[in-house]
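Notes follow the structure.
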Amino acid sequence: MVPLTIGRRRAYALLLLVPVLAASGCGTPGAPTDAGPTAVTSPTAADNPTAADNPTAAATTGAPTVTSTAPDLTDQPAATPRKGLPHVFPVRARKVSYHPTHSAYPGTDIFADCGEPVVAVTDGTIGEVSRRDRYRKSGPQGPYNGGLSVSVIGDDGVRYYGSHLTEIAEDIEAGVRVRAGQRLGTVGRTGNANNVCHLHFGISPPCLGEDGWWIRRGVVWPAPYLDSWRKGGNREPAAKVAAWHREHGCPRKPPAR
């Protein structure tokens, strides 16, 4: 665990790529039920439990009723995010493709052969890690869609999430420091990937201690940044993510469809 300081508060509060993926509903909203990935937590989680929205805590604590829909703007880590960090494309492969949009919510599916390396986009700390594929077609759609997954809480204040992995590197655990380009795991087809090898990639604010899968899967379109990083550029998503967070806070429920 990494002791990130989070403001004290209660939580208040994307062109189908191919037909087969549309049918699988990559990241289709649904109601979370029990514990998902292990994660970095915050003091807020202990003082103001909202386990219904936190896959890590849902199995052990109850969630209070929130009557206001106003976003909570104190959810970002207290430390000032760093600017000018190196950013790299999340998949190291010669043969790779992705589409600028995604079904139902902001995210990108990066298609590459199973087994190709998945790397950290920037310097940061490992956040959530899920080494177990809990997805079942007959089960809840949403909480476990990613199968094996890992996220990096970048030093730029942005969370970078990758899912459907075949494996996660042995040294990758919540709280571990990583550098841009460091291997996190390999492209796979776990979760609701529907037997298609790809990496689901999402960008979002950390929302530590009050998080839900609907935030982690992505809230800002990744394609403009992927385009830059693939060409060796360094376009940074921090400002866009911060703006989204100021407007929405950390929503306690997935958006209605």
ask   = What are the residues in region 171-182 that are in a loop (DSSP other than H, G, I, E, B) and either in contact with an Asp or Glu (Cβ under 6 Å, 6 or more places away or on another chain) or charged (D, E, K, R) (or both), if any?
value = 171, 173, 179, 180
task = Hey, could you check region 188-228 for residues that are of a type in the set (Lys, Arg) and outside any helix (DSSP H, G or I) and say which is surrounded by the fewest Cβ atoms within 10 Å (Cβ to Cβ)?
result = 189
inquiry  = Restricting to region 194-233, give me the number of residues that are closer than 17 Å to residue 165 by Cβ, touching a Leu at 6+ places or on another chain (Cβ under 8 Å) and among the hydrophobic types (A, V, I, L, M, F, W, C).
reply    = 3
message = Here is a check on your reading of the model: is residue 234 crowded, with 19+ Cβ neighbours inside 10 Å, at pLDDT 95 or above and part of a loop (DSSP other than H, G, I, E, B)?
response = no
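The values are calculated or read from the model by the stated rules, or taken from the named source; none is laboratory data. In this text the structure is predicted, and so the values were computed from the model without any measurement. With ideal geometry, Cβ positions are generated from the backbone for all residues, glycine too; neighbour counts draw on all protein chains shown.
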